[in-house]
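The block underneath contains the structure these notes are about, expressed in structure tokens.
The values are calculated or read from the model by the stated rules, or taken from the named source; none is laboratory data. Since the model is a prediction, treat every value here as computed from it, not as a measurement. Heads up, the Cβs are rebuilt from the backbone with ideal geometry, glycines too, and the neighbour counts pull from every protein chain shown. Note: accessible area is taken over every heavy atom of the protein model, side chains too, but ligands, DNA and RNA are not part of it. Shrake-Rupley method; radii C 1.70, N 1.55, O 1.52, S 1.80 Å.
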Amino acid sequence: MAVEPVDFLVGPVSRGAAAVLGGMTLAYAGLTGVYAVRGLRAQLDDRWSAVVATAVMALLGITLWRDGARLLPAPFSIFVLVVALAGIALTLTYTLGRYQERIERFKVQFGERLSHLLDAIVAEERQAEWERLRTSWKPTAEERRKTPHLLMGLFLLFYAGLGYFILRGVWDLLYGADAAILTLDGGEGIRNLYLASHSGALAAGQVFSLTCLLGLLYVLVPTELLRLKYPELSYPFKSLILTRLRNRERGLFGAHYYLAAATPLAVLWLTADPARWDATVPAAAALLVVTVFADAASALVGIRYGERKFLHNARKSYAGAVGGTVVAFVATLPLLGLPGALASAAVFLFIDLIAPVPIFVSDNLLYPVTLSIVYLAMVDSIQPWFPYY
């Protein structure tokens, strides 16, 4: 059973916003390329990831320029554009205002006051017990690094229905439950918001998730570019970023940038035909499952049980590869059916094995793009267990 495509109204506002977003993304691709060239000249470990990220951003810009008005019409493209401009403003304001230093001073002062308070009201043996528990709960460096990746799992909630409820709530708040007549006389933004919020969880989840994925990218990019140009400045999220970078990532972009860039491009490719959303939207959710949870499972299982390392890559283990592959299969099975789940597991295992050979490219770039291509090639075989249309 195929889902009826949503007939969004694509007018000058949607086309204009998509063109601006496409141009902005191409400009970001050019700046990414500047640092990729520097990485190549300096022979940095992560240089090929930066090269691929440049290509990904360029393809994303072209895709938005060509199809953005149709796949992300107003008001959603307008919202993303506002977020993109706000990301630039936030980065500049936060940095010039030196807010990071103020936050660090507050954390030190708050910590000192809390310590004095605990000393005054908590017995010494209780304090020792608390310190022991706090130390035992302290995550490892790899666990800290995977935390932002796991937070990307929130997008699965958007696909599962939360996006629909949010958009429906926005419509009711702005126009009321009986305002369907506004779609006759209102502009393209009003009509498209109505269609997205009244066409079921499938359309709403897709549009809302894509909006948020692009918004996240445009918030992160200015910070990453500023970090590489002026690493000594107090840019946004500085402590969060620096504590989650691997050594090979410190001279170039972090894994969070690669993930934020590749995921919306993969989703746009995968869902380019709204008439196939009954298969491709669950596939987009499956793509997130593999990229986020299977990758995290591989790393965390490898840390705990991965004594035997790959002969060609001492950073990865057999146990981690098996753990990630199992998660990729089990978690995508209800979304794609058996053929899609087998393909997901095979892609994950293949990339996990060959990612550093012959050159290193971040798997945060490889998983989304490769999975989108594989899912498109087998779209007729995707059979979700729980279709929601």
Among (1) more than 23 Å from the chain's Cα centre (by Cα); (2) at pLDDT 95 or above, the one test that THR93 misses: (2)
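Yes/no matrix, rows are residues, columns are (1) within 23 Å of GLY215 (Cβ to Cβ); (2) touching a Leu at 6+ places or on another chain (Cβ under 7 Å); (3) in a helix (DSSP H, G or I):
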{"site": "LEU26", "(1), (2), (3)": "yes, no, yes"}
{"site": "ARG38", "(1), (2), (3)": "no, no, yes"}
{"site": "TRP48", "(1), (2), (3)": "no, no, yes"}
{"site": "TRP65", "(1), (2), (3)": "yes, no, yes"}
{"site": "GLY68", "(1), (2), (3)": "yes, yes, yes"}
{"site": "SER77", "(1), (2), (3)": "yes, yes, yes"}
{"site": "LEU81", "(1), (2), (3)": "yes, yes, yes"}
{"site": "ALA89", "(1), (2), (3)": "yes, no, yes"}
{"site": "LEU92", "(1), (2), (3)": "yes, no, yes"}
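Name the helices (runs of 4 or more DSSP H) wholly inside region 285-389 in which the number of residues that are more than 28 Å from LEU59 (Cβ to Cβ) and modelled with pLDDT of 90 or more is 3 or more.
Working: elements: 295-305, 318-354, 363-377.
Filter on region 285-389 gives 318-354.
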Which one of the conditions (1) of a type outside the set (Asp, Glu); (2) modelled with pLDDT of 95 or more; (3) crowded, with 17+ Cβ neighbours inside 10 Å does ILE62 fail to meet, given that it meets all the rest? (3)
Note on ASN192: of the conditions (1) part of a helix (DSSP H, G or I); (2) at pLDDT below 75; (3) not hydrophobic (A, V, I, L, M, F, W, C), unmet is (2)
Scanning for something modelled with pLDDT of 95 or more, surrounded by fewer than 18 Cβ atoms within 10 Å (Cβ to Cβ) and not aliphatic (A, V, I, L, M), does region 29-42 turn up at least one residue? yes
Take GLU125 and tell me if it is open to solvent by less than 50 Å² (accessible area, probe 1.4 Å), modelled with pLDDT under 65 and part of a helix (DSSP H, G or I). no
Residue satisfying all of: in region 243-258; at pLDDT 70 or above and part of a helix (DSSP H, G or I); farthest from the chain's Cα centre (by Cα) among these: ALA255
For ALA69, indicate whether it is among the aliphatic types (A, V, I, L, M), open to solvent by less than 50 Å² (accessible area, probe 1.4 Å) and modelled with pLDDT under 95. yes
Answer from ARG113, ARG102, ARG132, ARG144 - the residue that is out of contact with any Pro (no Cβ under 8 Å at 6 or more places or on another chain), at pLDDT below 65 and either surrounded by 11 or more Cβ atoms within 10 Å (Cβ to Cβ) or more than 30 Å from LEU195 (Cβ to Cβ) (or both): ARG144
Answer yes or no: is there a residue in region 175-187 that is surrounded by 13 or more Cβ atoms within 10 Å (Cβ to Cβ), at pLDDT 85 or above and more than 14 Å from VAL207 (Cβ to Cβ). no
